[in-house]
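The structure appears right after this line, and notes come after that.
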Amino acid sequence: MKLISPIIKPEELTWLNQDDEIVIVDASAGSKARYDQQHLAGALFVDVNEDLANIGDFAKGGRHPLPTFEQFAQLLQKLGITAHTRVIVYDDKNGGNAAARLWWMLRSIGHEKVQVIDGGFQAAVQTGFPTTNKIESPKSVGKYKVESWNLPLSDLNEVEKVAKTEDHMVIDVRDASRFAGLTEPIDTIAGHIPGATNIPFTENLDTNGRFLASEILKEKYEEALRNAKPENVIIHCGSGITACHTLLAMDYAGLPIPKLYVGSWSEWSRNNKEMILAN
């Protein structure tokens, strides 16, 4: 049984600092300057590139491969997170993509008590949560034991094998223009994996950048995945960050968490694989 919802509404935050077992994490991608200027009171900063990935050869794992278990254990120790800590994560994008990546990583090592703030930094500020620019100091804790990723993962070889089969579903959560190959602001080639279906992560959100109600998300994804068993669903994006947003949305909806293809388009497009490009 799930202990807590993976999403926490900003209106629920006012009492959090009364609990010593809570760690708030700011995972705003590339926004250390904004964090230094203003962040939620008590929040500790993590960098997507340095802390939530082990970047190397993009052709072997994509732009944001997962860190090693040792690297992630060291990060959790640096943040003062133990197996008993309730972790609240946010970033400064409406979608909460980077926050969702840390959520997935924690859940994947078996840490159940982790939540993403619905609407992120802006929503929390709007509801009156205090902010500061002071340097935050985590409490000193022992090393968190990290031995495996327990949530399902996929890889380049599996995606190539199953993407076109009728009993599997590969979902690309990038926006429609990137999927169609009309634009590609980051990777070297524009297009998508043959057989993939495009369900942009932005469709998980309302016009205010908040998650749709869990009941709506459940109905949406049950309909989309009606022809594939949960274990045959693979989610990807550009580099394994934004895909976690859809995994979060599906967990919030009470659905099984599908496989994450971390390498995503950034890896696929650099390995001479078949690609669907713009006409």
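Readers should treat all values here as calculations from the given coordinates under stated rules, not as data from a laboratory. Quick caveat: nothing in here was measured; it's all calculated off a predicted structure. Cβ: placed from backbone, ideal geometry, glycine included. Neighbour counts: every protein chain shown.
Counting other Cβ atoms within 10 Å as a rough exposure proxy, the listed residues Arg101, Arg270, Arg226 run Arg226, Arg270, Arg101 from fewest neighbours to most. The residues Cys237, Cys244, when put in order of fewest to most other Cβ atoms within 10 Å, stand as Cys237, Cys244.
Database remark: amide H of Val25 closer than 5 angstrom to the amide H of Leu44, Ile88, Val89, Tyr90 (H placed geometrically; neighbours at sequence offset of 5 or more, or on other chains; Pro and chain starts carry no H).
The order of Tyr35, Tyr261, going from fewest to most other C-beta atoms within 10 Å of their C-beta, is Tyr35, Tyr261. Once backbone amide H atoms are built at 1.01 Å from N, Ile7 has Val116 as its partners under 5 Å, excluding neighbours fewer than 5 places away on the same chain. Rg/Rh for the stretch 7-132 (Cα atoms only, Rh after Kirkwood) is 0.96. From helices alone, the chain scores -7500 deg cm²/dmol at 222 nm; the rule is -39500 (n - 2.57) for each run of n ≥ 4 DSSP H residues, then divide by the residue total. Its residue count N fixes a reference of 2.2 N^0.38 Å for the stretch 153-268, and the Cα radius of gyration divided by that reference is 1.00.
Run through the DSSP bridge list for the stretch 7-132 and note the antiparallel percent, rounded to the nearest 5. The answer is about 15 percent antiparallel.
With everything on Cα atoms, drop me the angle between helix 243-252 and the longest principal axis of the chain, reported from 0 to 90° to the nearest 10. The angle comes out near 70 degrees.
Of the residues Pro256, Pro65, Pro200, the one that moves most in a GNM of the chain with alpha-carbon contacts below 10 Å is Pro256. Bridge orientation summary for the chain: considering DSSP beta bridges with both residues in this region, about 15 percent are antiparallel.
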